[in-house]
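Bear in mind that the values in this text are calculations on the coordinates, not laboratory data. No experiment lies behind these values; they were computed from the predicted model shown. Positions of Cβ are generated from backbone atoms using ideal geometry, with glycine treated the same way; all protein chains shown enter the neighbour counts.
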Amino acid sequence: MYQSTLKSQTHSVTDLQVSTEPLKVLKKHFGYDAFRDGQEAVITRLLAGSSAAAVFPTGGGKSLCYQLPALCLDGLTLVVSPLLALMKDQIDALTARGIKASRLDSTQSFEEYQKVMDDIRSGQLRLLYVAPERFNNERFRASIANIKVSLFAIDEAHCISEWGHNFRPDYLKLVEFARQCKAERLLALTATATKEVLKDICEQFDITPDCAVSTGFYRSNLTLRAEAVTPSQRDKKLLQLIKASKPGASIVYVTLQKTAEQVAQFLQSNGLDARHYHAGLKDDQRAETQDWFIQSDSAIVVATIAFGMGIDKANIRAVYHYNLPKSLENYSQEIGRAGRDGQPSICHTLACSEDLIPLQNFIYGDTPSLVALKKFTDTVFSHDAEFDISLYELSNECDVRPLVLRTLLTRLELDGYLKGGTPFYSNYQFKPLMSSEEILSRFDENRRQFIAGMFKQSVKNRVWFQIDLDAASSVLDSPRQRLVAALDYLGEQGMLEVKVAGVRNRYTLVKQPESTVQLAQVLSDDAIKREAREIERLKQVLDWISLDQCQTSALCERFDRALEEDCGHCSFCETRKAVVVSEPKQIDIAPEVLSGAVELQKSNPQVLPTNTDIARVLCGLSSPAIAKAKLTRHDLFGKCAEIEFSVVLDKLRELNA
């Protein structure tokens with residue numbers, strides 16, 4: 001357990017004296033007279049030194065559970081979140097309240113990074129937001145090694161659970177990272193934990209049951225509606241719903257980036273103030289759209305799930321699902337963005353069974369073939385006891401998507417085959433911002449000799465100097481970490497500009513499998529089980545929409561407990577009829593497409609060794625090997641995008657039998 005050694009006392013926050021009495025801090029810095037349900041219970045446990053979990057509905061006030069303790073605890077509160085939008089939005093809100101908070105992410109310049117680290121070291125910064133992947137950064141881990149971390153808060157904590165809907169392997173390592181930085185207590189937060197997932201979270205983060213606070217899922221101001229539509233009806237129906245609704249900001253969720261653009265354009269052409277948002281936009285475009293949406297009372301944003309998580313906008317009056325959500329967990333998060341001000345809001349789903357196919361195909365596309373997994377296990381276990389690898393290179397070599405690859409490596413760590421070390425950059429470069437004589441003159445004799453020796457090990461290109469840290473470490477008989485720390489210090493002091501590239505992951509081979517082929521089969525079986533779980537999640541969405549009972553109560557039961565009586569404001573309660581969603585139309589695969597696929601496979605046997613690989617091409621699902629061979633530009637790529645992957649695969653098996 002992360003038991004705090006702190007005692008209740010008053011700590012200095014910049015020029016303010018903040019009492020650790022939560023209600024006083026709440027009133028003084030956040031302007032509220034009382035806590036929301038569950039907040040005080042979580043905060044009290046944290047201030048007493050215990051780790052805790054908070055399962056609140058979206059908009060239920062989870063962020064206050066770490067923001068307020070950050071003002072009471074004598075040290076840094078480190079907030080781990082996968083959401084850049086949440087970081088930006090919360091930092092802006094905290095800054096407006098006079099609370100010092102910042103973030104570190106890949107979009108920042110060296111100068112911005114340096115300023116944040118200076119603020120941390122000086123004790124001015126109360127909260128630092130980072131993505132989970134930041135802990136793979138050698139420089140960051142070195143930088144916080146000597147910083148007092150009083151609270152380590154993990155948002156979207158359901159990502160640690162393979163039973164959850166959004167498993168991310170980097171999350172599994174967060175507990176170890178928290179230990180390494182000597183965090184005094186942990187806080188796990190989520191809006192979408194089933195009982196099974198919450199149990200997993202508490203076990204992973206060593207949280208006792210009495211410190212896990214769940215406030216229930218039900219929000220009485222949300223009306224949940226769904227109706228069946230065909231693809232041709234959908235645009236017109238969405239337009240009717242928006243025009244008939246009360247004025248207010250709205251979000252329209254779609255599956256594909258191109259759909260976001262098309263629907264936004266359609267709404268604009270009909271006189272509505274709409275814009276699109278997706279991960280394919282540049283950072284400044286996404287930021288501009290987000291700011292526009294937050295400031296407007298009538299904006300409509302048409303977005304993929306890249307939008308909305310963590311956005312602090314209380315007056316969203318409607319959330320529309322133009323396409324089906326990926327799971328009930330996703331749905332509950334997305335509708336949770338409506339009506340955070342407590343005012344009545346509509347959540348309307350346009351249920352179309354044809355949406356299942358692209359969603360299913362995304363899932364199938366993430367499942368590596370047995371051939372790829374055999375290549376993966378052979379490659380990993382061919383290394384020496386201590387080795388390092390580039391995940392990018394390994395992904396291409398084995399034809400496994402990067403996120404799936406990280407999951408596989410994490411699985412090998414958890415099963416005791418590998419032990420992960422500190423990732424490092426293979427390429428360090430620096431550009432002097434003053435003469436070497438001036439730099440060296442600032443240090444005593446011992447440090448001056450070390451830095452001079454480091455400079456001698458660098459090679460100058462046109463402007464930048466490049467240094468092989470491993471080679472320099474050997475020549476100078478000094479640990480690599482000392483060289484990294486020296487370069488970072490020189491950069492922070494404005495003597496050098498330092499840039500890094502080429503992340504490599506260190507591993508120790510703990511044990512060899514009895515058979516790499518057998519291990520590949522085990523990993524394949526696990527991947528197929530995961531695939532089946534995700535397909536089942538999709539089915540649960542349609543099953544829920546088609547229920548002949550109170551849909552709100554059924555959703556509450558999934559995440560906590562059913563309502564004692566029907567809600568009275570969902571589709572079933574309003575009509576007393578179940579929504580009937582028709583089966584998708586069956587589309588035949590043209591004979592010339594199948595014959596073309598056979599010829600494509602014959603001409604690309606290394607890239608497309610199995611029926612699964614050629615099915616990916618036909619369904620428009622890329623992989624590292626398919627992308628490298630430029631088959632995403634082939635005429636056959638995506639020809640069967642509207643046909644279920646398993647159907648395409650069966651046809652190819654029949655053809656090649």
Could you point to the residue in S369, C556, N146 farthest towards the positive end of the chain's charge dipole, with +1 and -1 charges on the Cβ of Lys/Arg and Asp/Glu respectively? N146
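With +1 on each Lys and Arg Cβ and -1 on each Asp and Glu Cβ, and nothing else charged, work out how big the dipole of segment 33-106 is about its Cα centre, in Debye to the nearest 20.
On the way: 7 positive and 7 negative charges, 21 e Å.
My answer is approximately 100 debye.
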How many nm separate the modelled label positions at A471 and E564, each set 7 Å beyond the Cα in the direction of the Cβ? 7.5 nm
MRE, 222 nm, helices only [DSSP H, n ≥ 4, -39500 (n - 2.57), over the chain, to nearest 500]: -13000 deg cm²/dmol
Which distance in nm do the two modelled labels at D119 and R179 give, with both placed 7 Å along the Cα-to-Cβ direction? 3.2 nm
Please list the non-local residues whose amide H lies under 5 Å from the amide H of Y129, H modeled 1.01 Å from N, same-chain partners needing a gap of 5 or more. V79, S102, R103, L104
Residue order, fewest to most surrounding Cβ atoms within 10 angstrom, among K237, K511: K511, K237
From a point 7 Å beyond the Cα of E288 in the direction of its Cβ, which residues of segment 244-264 have a backbone N at a distance under 11 Å? none
Cα-based reach from K630 at 26 Å (exclusive), listing lysines while leaving out same-chain residues under 8 positions away: K258, K282, K374, K375, K602, K639, K651
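Just to verify a number: FRET efficiency for R447 and E393, C-beta to C-beta distance, R0 = 51 Å, to 0.05? Please list the in-between numbers first.
On the way: r = 36 Å, r/R0 = 0.71.
Using R0 = 51 Å, I get an efficiency of 0.90.
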If I take every Cα pair under 8 Å that is 6 or more residues apart in the chain, average their sequence separation and divide by the length, what percent do I get for the relative contact order? 13 percent
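Can you tell me the dipole magnitude for the chain around its Cα centre, using point charges on the Cβ only (Lys, Arg +1; Asp, Glu -1), in Debye to the nearest 20?
So the magnitude is around 920 debye.
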Which one, Q124, A54, T95, is farthest towards the positive end of the dipole of segment 47-164 when Lys and Arg carry +1 and Asp and Glu -1 on their Cβ? Q124
Residue by residue through segment 328-336, what is 3J(HN,Hα) from phi via Karplus (6.51 cos²θ - 1.76 cosθ + 1.60, θ = phi - 60°)? Round to whole Hz and write x for glycine and proline. 5, 5, 4, 4, 5, 5, 6, 6, x
Label points 7 Å out from Cα along the Cβ direction at H634 and K511: separation in nm? 4.2 nm
Suppose a student asked you for the relative contact order of segment 355-408, using Cα pairs under 8 Å spaced at least 6 residues apart; what percent would you report? 41 percent
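Determine, for T610, T575, the number of other Cβ atoms within 10 Å of each Cβ, and report the residues in order from fewest to most. Numbers along the way, then the final one.
Details: T610 16, T575 11.
The order, fewest Cβ neighbours first, is T575, T610.
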From zero outward in steps of 10 Å, how is the percent of C-alpha pairs of segment 45-111 spread across the bins? 15, 50, 31, 4
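For the pair D37 and A578, what calculated FRET efficiency results from E = 1/(1 + (r/R0)^6), where r is the Cβ-Cβ distance and R0 = 30 Å, to the nearest 0.05?
Details: r = 32 Å, r/R0 = 1.07.
Efficiency at R0 = 30 Å is approximately 0.40.
Taking the Cβ-Cβ separation of E386 and D415 as r and a Förster radius of 22 Å, what is the calculated FRET efficiency to the nearest 0.05? Display every interim value, and only then the final one.
On the way: r = 19 Å, r/R0 = 0.87.
Calculated value: 0.70.
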The rounded separation in angstrom of the Cα centers of segment 440-511 and segment 310-372 is 47 Å
Taking placed amide H atoms and a strict 5 Å upper bound, the residues 5 or more places from V213 or on another chain that come that close are A53, A54, V55
Table column - 3J(HN,Hα) (Hz), segment 339-355, Karplus curve with 6.51, -1.76, 1.60, x for Gly and Pro: x, 6, 7, x, 7, x, 9, 10, 10, 10, 10, 8, 7, 9, 5, 4, 5
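How would segment 514-657 be classified by its alpha-carbon gyration tensor: rounded, prolate or oblate, with rounded meaning a/c under 1.5 and the a/b versus b/c comparison settling the rest? List each step's numbers first, then the result.
Details: a/c = 3.36, a/b = 1.91, b/c = 1.76.
In terms of gyration-tensor shape, prolate.
Calculate how many DSSP beta bridges within the chain are antiparallel, expressed in % of all such bridges and rounded to the nearest 5.
On the way: 24 of 72 bridges.
DSSP beta bridges in the chain are roughly 35 percent antiparallel.
Using the 10 angstrom Cβ neighbour count as an exposure proxy, how do I154, I91 rank, fewest first?
Numbers: I154 26, I91 19.
Starting with the residue having the fewest Cβ neighbours, the order is I91, I154.
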Please go through segment 384-487 and write out the trypsin sites (Lys or Arg not before Pro) that DSSP classes as loop and that have at most 15 other C-beta atoms within 10 Å. R442, R462
For segment 467-519, max minus min Cα coordinate along each principal axis, in Å, sorted largest first? 54, 23, 14
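Could you list the trypsin sites (Lys or Arg not before Pro) in segment 513-580 that lie in coil according to DSSP, counting only those with at most 10 other Cβ atoms within 10 Å of their Cβ? List each step's numbers first, then the result.
Working: sites: K529, R530, R533, R537, K539, R558, R561, R576, K577; in loops: R561, R576, K577.
Answer in residue order: R576, K577.
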Output ³J(HN,Hα) for segment 65-77: one whole-Hz value per residue in order, computed from phi by the Karplus curve 6.51 cos²θ - 1.76 cosθ + 1.60 with θ = phi - 60°, and x for Gly and Pro. 5, 10, 5, 5, x, 4, 7, 9, 9, 8, x, 8, 9
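Once you have the Cα-Cα distance between V522 and F266, take 0.36 nm times their residue separation minus that, and quote the gain in nm to one decimal. Show your work: numbers first, answer last.
On the way: separation 256, 0.36 × 256 = 92.16 nm, distance 4.78 nm.
The span from V522 to F266 would gain 87.4 nm if fully extended.
Specify whether the C-alpha gyration tensor of the chain places it in the rounded, prolate or oblate class, a ≥ b ≥ c being the square roots of the eigenvalues: rounded for a/c under 1.5, otherwise prolate if a/b is larger than b/c and oblate if not. Walk me through the numbers on the way to the answer.
On the way: a/c = 1.76, a/b = 1.16, b/c = 1.52.
Because a/c hits 1.5 or more and a/b fails to exceed b/c, the chain counts as oblate.
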